[in-house]
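Before any comments, here is the structure.
The values are calculated or read from the model by the stated rules, or taken from the named source; none is laboratory data. Computed from a predicted model, the values in this text were never measured in an experiment. With ideal geometry, Cβ positions are generated from the backbone for all residues, glycine too; neighbour counts draw on all protein chains shown. For accessibility, only protein heavy atoms count, side chains too; no ligands or nucleic acids. Shrake-Rupley method; radii C 1.70, N 1.55, O 1.52, S 1.80 Å.
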Amino acid sequence: MFQGGIWSKLQGYYKWYVLGLVSVGYILGELGHYLIGTTSKVTAEYLHYGDKACMLNATHLHVAQLPQVCEKVNSSDICESLTLNGTRYCEWGYSGLGLDYQVLAGPAFMAVFTVVGVIIGVIADKFNRARILSACTAVFVVAILLMGSVTEYWHLVVLRMLMAAGEAGCNPLATGILTDLFPEHQRALVLSIFNWGIYGGYGIAFPVGRYIPELNAWGLSWRVCYYGAGIVGVVIAALTALTLREPERTTIGEEGSVPSKGKDAALESGKKMPQVTIWHVIAQPRVLLLCLAASIRHCGGMCFAYNADLYYRDYFPDVDLGWWLFAVTVGIGSVGVVVGGVVSDKFVARMGVRSRVLVLALSQLISTLPAFGSVIFGPLWAMITLAFSYFFAEMWFGIVFAILVEIVPMSVRSTTVGVFLFVMNNVGGNLPILVDPVSKAIGYREAIMIFYAGFYGISSILFFLTMFLMDGPAPAETQDGVQVGGQGADNRAFSHDESTLSAARAIRRGAPIDNSKL
């Protein structure tokens, strides 16, 4: 009775449980990833890395009250001599910025993240994805825990590389698992919810990195942030290992949209079709242009992610924007993620995969101008324009991967996601290192405007161009002249090869061929 009653009902919710589990795991991984940006100032003071600068040390004072702004002083002697009513209000110390920080935040993480992501993508197409994901989760959780115990700058670099190795498997593995669990009409929404983990972890990093070190609980300061995230991560890693199981791999998108008659005819003809490889897939102009557009957009997001807290602390030292940034990134960003997925799924049946790219182009175009506003304006309007920008900007990530999994064959799906992430993260994750030299040449604000808001605009143009390389809605299959169905996305490429190979394998095994699935 238990097995047939309650258990059968619980099984219906299993896929949503998996979505929640892998999403929380991704949030924790990204929290560990972005904590360095919000704890960098206090971490730099302890580990002694990066630039030194003159900074306001009196939180009860406003910039308008000061005879001279601390941040405009470049000498330690002058900095420490500035007083107001006989009291010093500036201090000379580590700012948390500089080339050391940019290397730690970007290349040290991305160098490993991108390479390991490709390797895991290849492995995932051949072995049990659930077990590999469990191992990856355990690796990055251990790295986060150990980051709370570092005593040297190089310790932090090595552990961020280890964390990157573990987290590299999260996206390609979870994307493949979720794609096989959920149908097309829910796919963009589901992948948007999962990929929101990036922004969820990033948003949570603001209050965690700003306020928890100030509590100095147990005398551990910033270390508590990493210990706390790591302990929660241990629970998630255990649940992933014990409850996540490998779903049946299914053909989707382009592989499932070719009419059965065409596939049967190809099978009966006995023609030998070439094996589909990763090189066939990534050499397509639409995949290349989609990857370029995503890389540019990712650079804009990474630039803001790595510099937002430090930027607003630098330009508005007398205004606490920690909770504002949390509310905008987590609250407004999550709404944008869901809306983007729903809109994309709504129109894909009418326009095909091309509609997803159109949603991408329009959302990034709309987000560009308010992104500039979030850098140009004062604290209040900066947060208002940032909220408006975030609503549209955060539609992009889940939709990009919904497009990707729908235009590549099942046999190389995880590998393609891994290669795509390799390129996207190498470009988008490493370009923000240019913020440091550019800021020294033209100013910090101007550098953020270029690599953050400017790259949003460039990506919208590239996404728009990509749309013209995508196919429209697939023709509905007919039987005796009567329409019996059709896919929302016109996903014809490679399906002939994949279906023929699958049928050939079935014939060699002596198994009957189910024409309804060809």
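May I ask for the distance between the Cα centers of region 312-332 and region 186-225, given as a whole number of Å?
If we compute the Cα centre of each part, the gap is 14 Å.
Which value in Å is the Kirkwood Rh of region 151-234 over different Cα pairs?
On the way: mean 1/r = 0.0654 Å⁻¹.
Evaluated on region 151-234, it is 15.3 Å.
Highest mean first, how do 151-161, 406-416, 121-131 rank when packing is the count of other Cβ atoms within 10 Å averaged over residues? Spell out each step's value before the answer.
Working: 151-161: 16.1, 406-416: 25.5, 121-131: 18.1.
By packing density, highest mean first, the sequence is 406-416, 121-131, 151-161.
For region 278-472, what is the charge dipole size about the Cα centre, in debye to the nearest 20, if Lys and Arg each add +1 at the Cβ and Asp and Glu each add -1 at the Cβ?
Numbers: 10 positive and 10 negative charges, 116 e Å.
Here region 278-472 has a charge dipole of around 560 debye.
Give me the net charge of SER23's neighbourhood, meaning all other residues with Cβ under 13 Å from the Cβ of SER23; Lys, Arg count +1, Asp, Glu -1.
Numbers: positive: LYS15; negative: GLU30.
Result for the local shell: 0.
Amide H neighbours of ASP125 under 5 Å, at least 5 residues apart or on other chains, H built in the peptide plane: list them.
The answer is THR415.
Farthest toward the dipole's positive end in region 278-472, which of TRP323, PRO285, ILE296, given Cβ charges of +1 (Lys, Arg) and -1 (Asp, Glu) about the Cα centre?
Positive-end residue among those listed: PRO285.
If you find the alpha carbon centre of region 427-462 and of region 378-414, how far apart are they in angstrom?
18
Return the ratio Rg/(2.2 N^0.38 Å) for region 278-472, where Rg is computed over Cα atoms only. Intermediate values should be presented prior to the final figure.
Working: Rg = 17.1 Å, N = 195, 2.2 N^0.38 = 16.3 Å.
So the Cα radius of gyration is 1.05 times the expected 2.2 N^0.38 Å.
What's the carbon and sulfur percent of region 278-472's accessible surface, probe 1.4 angstrom, rounded to a whole number? Don't jump to the answer; show the numbers that get you there.
Values: 5140 of 6500 Å².
Answer for region 278-472 is 79 percent, counting heavy atoms of protein chains only.
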